[in-house]
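Chemist: I have a structure here, written as structure tokens, and I will follow up with some questions on it.
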Amino acid sequence: MAARAGGPGPYRATQLWNEITKYFRAGMPLRKHRQHFKKHGSCFTASEAVDWLHEVLRTNSNFGPEVTRQQTVQLLGKFLKNHVIEDIKGRWGSENLEDNGALYRFPSTSPVKPLPSSCPQKENLENLPRDKEKLFKLPHLSRRTFRKHELLQSLENLENPKPDTIEESKEDALHREEISQEYVQETWRNIILLHLQTILGLPSLDEVLQPTQIVPEYVIYNMTNTSKHGVVILQNKSEDLPHWVLSAMKCLAYWPRNNDMSQPTYSGFERDVFRTVADYFLNLPEPLLTFEYYELFVNILDLLQPHLERIAVEALQICCLLLPPPNRRKIQLLMRMIARISENVDMPRLHDAMGTRSLMIQTFSRCVLCCAEEVDLDELLSTRLVSFLMDHQQEIFKVPTYLQVAVRDHLEYVKMSQCKYPKEEICAILPTYSYCKQITPQEFEEQKVSTSQAAVAELLENIIKDKNLSVKDKKKKLKQFQKEYPLIYQNRFPTTENEAMLFENKPTIKQPMLSLRKPRFRSLRY
């Protein structure tokens with residue numbers, strides 16, 4: 001895929017890289033190994049690293065159980081290239097790492113990457129009024145459903161209100177100013193920004209999304225021009241998927257019901273059809289979620305946890321509305337297809353060594369999400385997101401009508417205020433909308449640090465309770481942990497006595513194998 005200039009930098013991806021490298025450095029078991037008649041201390045084999053890191057990635061909410069062993073090997077190769085690890089001779093700089101018994105160790109240098117510079121300050125939420133006394137109430141996730149014609153009619157009424165909607169005198173009408181199209185678009189931008197900022201739990205969206213990246217025309221089109229199944233319908237057919245791709249996708253999605261038996265079929269026919277679809281998507285000039293929104297979708301990965309599932313769906317609903325209509329249509333049809341294929345028990349195996357679900361995710365992840373600049377965690381991040389999109393595609397691509405309700409109510413309030421105070425300048429304050437209590441940037445940073453410290457403290461407890469580690473290895477791991485995280489270690493072991501109690505040898509009383517009773521001698525006298 002061709003690189004695109006001007007998109008946001010991989011800020012969140014770099015944060016994740018730093019987190020996983022720190023965790024790997026602190027938690028990877030080290031021990032002595034013998035190679036070529038020589039002993040090497042504090043090292044590990046490549047296969048041992050793959051085993052340990054693969055399990056960590058599969059249980060991490062940012063990556064998930066779809067991570068393969070081969071992807072873990074590739075990530076360790078990137079660790080070697082970026083000097084997170086080095087071979088036993090101190091060599092690094094390439095990705096030539098294999099799943100074998102080669103020995104590696106940690107260098108003395110820090111593996112942390114510098115975070116990309118912040119995006120330039122543009123118009124953002126700080127420019128909005130923050131008066132706590134709202135002039136109107138935003139419906140909290142209104143569950144009222146709108147039919148398409150009602151939605152279209154409501155949007156038209158925003159610009160062309162009926163005469164009987166608002167009673168006004170002729171004198172008021174003379175002073176009344178019509179709401180401009182620019183103001184309508186700005187309202188859409190601000191309300192979308194408010195919702196996303198709250199859902200993502202960020203003190204600011206400066207690093208994630210700029211107001212200029214929100215195109216209200218795309219949002220309105222994606223909400224109103226849909227089929228009965230909720231799929232975007234394009235007016236310009238040249239922007240649509242080619243007919244042969246649509247036919248191939250339909251064939252696979254409804255296999256074997258939709259297979260046209262008038263066409264010649266053969267053994268492996270379904271594999272060729274799948275390869276045709278995959279080749280089309282993999283050769284697109286940019287990912288379906290676009291380079292521009294990479295940082296936005298990567299930040300949503302933090303929400304892909306069981307207890308935050310509903311919020312993640314809400315966030316993805318809004319973010320997918322921002323896409324150009326051709327992109328939204330393509331990704332929606334693609335997610336519908338791979339979801340159906342994964343659940344179809346009648347579908348023949350499409351790969352000899354890989355399950356159908358894993359094949360769908362691994363094949364299409366790079367054409368859904370990737371950065372214009374090369375990012376070391378690209379493949380793992382995209383795999384996690386595609387897995388969630390596939391499992392929740394029906395909910396994610398539903399139109400969130402509460403956004404339209406919020407815009408409509410705000411504009412109606414402005415119009416009513418113009419009628420009531422025709423000669424005064426109206427300053428309508430946008431509402432806030434939240435799932436939980438809003439916090440200050442300082443509180444956000446404190447909570448972020450607290451959460452990270454809790455995860456590291458949990459790692460320390462795992463080392464302490466690991467029964468598979470020898471006393472010698474456990475002491476080494478604890479010493480390394482103390483060096484990396486001295487404050488957390490001190491909180492766990494405030495005194496040397498506490499530390500000594502961990503390795504206190506408790507004597508065990510072994511039961512004798514045989515119970516020997518002292519013989520009793522009888523007198524020989526009668």
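Chemist: Sequence-distant or interchain residues sharing an amide H contact under 5 Å with Thr226, placed H: which?
Modeler: The answer is Ile233.
Chemist: For Arg31, which sequence-distant residues (separation of 5 or more, or a different chain) have an amide H within less than 5 Å of its own amide H, given hydrogens modelled in the peptide plane?
Modeler: For Arg31, the qualifying residues are Ser42, Cys43.
Chemist: With a cut-off of at most 15 other beta carbons within 10 Å, and DSSP calling the residue loop, which trypsin sites (Lys or Arg not before Pro) in the range 50-80 qualify? Please list them.
Modeler: Here no trypsin sites (Lys or Arg not before Pro) fit, given the DSSP loop and packing criteria.
Chemist: With all protein chains present and a 1.4 Å probe, how do His351, His54, His307 order by accessible area, largest first?
Modeler: Ranked list, largest accessible area first: His307, His351, His54.
Chemist: Now, a different point. Given a cut-off of 26 Å, name the pairs among Lys78/Lys474; Lys38/Lys475; Lys89/Lys465; Lys81/Lys467 whose C-alpha atoms lie farther apart than that in the structure shown.
Modeler: Over 26 Å apart, Cα to Cα: Lys78/Lys474; Lys89/Lys465; Lys81/Lys467.
Chemist: Stretch Lys32-Ala500 to full length: gain in nm at 0.36 nm per residue minus the Cα-Cα span?
Modeler: Contour length minus Cα-Cα distance gives 166.1 nm.
Chemist: Out of the total accessible area of the range 352-419 (probe 1.4 Å, heavy atoms of protein only), what percent is carbon and sulfur?
Modeler: Here carbon and sulfur together make up 43 percent of the probe-accessible area.
The values are calculated or read from the model by the stated rules, or taken from the named source; none is laboratory data. The model shown is predicted, which means the values in this text are computed figures rather than measured ones. Please note: Cβ atoms are built from the backbone with ideal geometry, for glycine as well, and neighbour counts cover all protein chains shown. When the accessible area is computed, the model is the full protein with side chains, heavy atoms only, and any ligands, DNA or RNA have been set aside. Shrake-Rupley method; radii C 1.70, N 1.55, O 1.52, S 1.80 Å.
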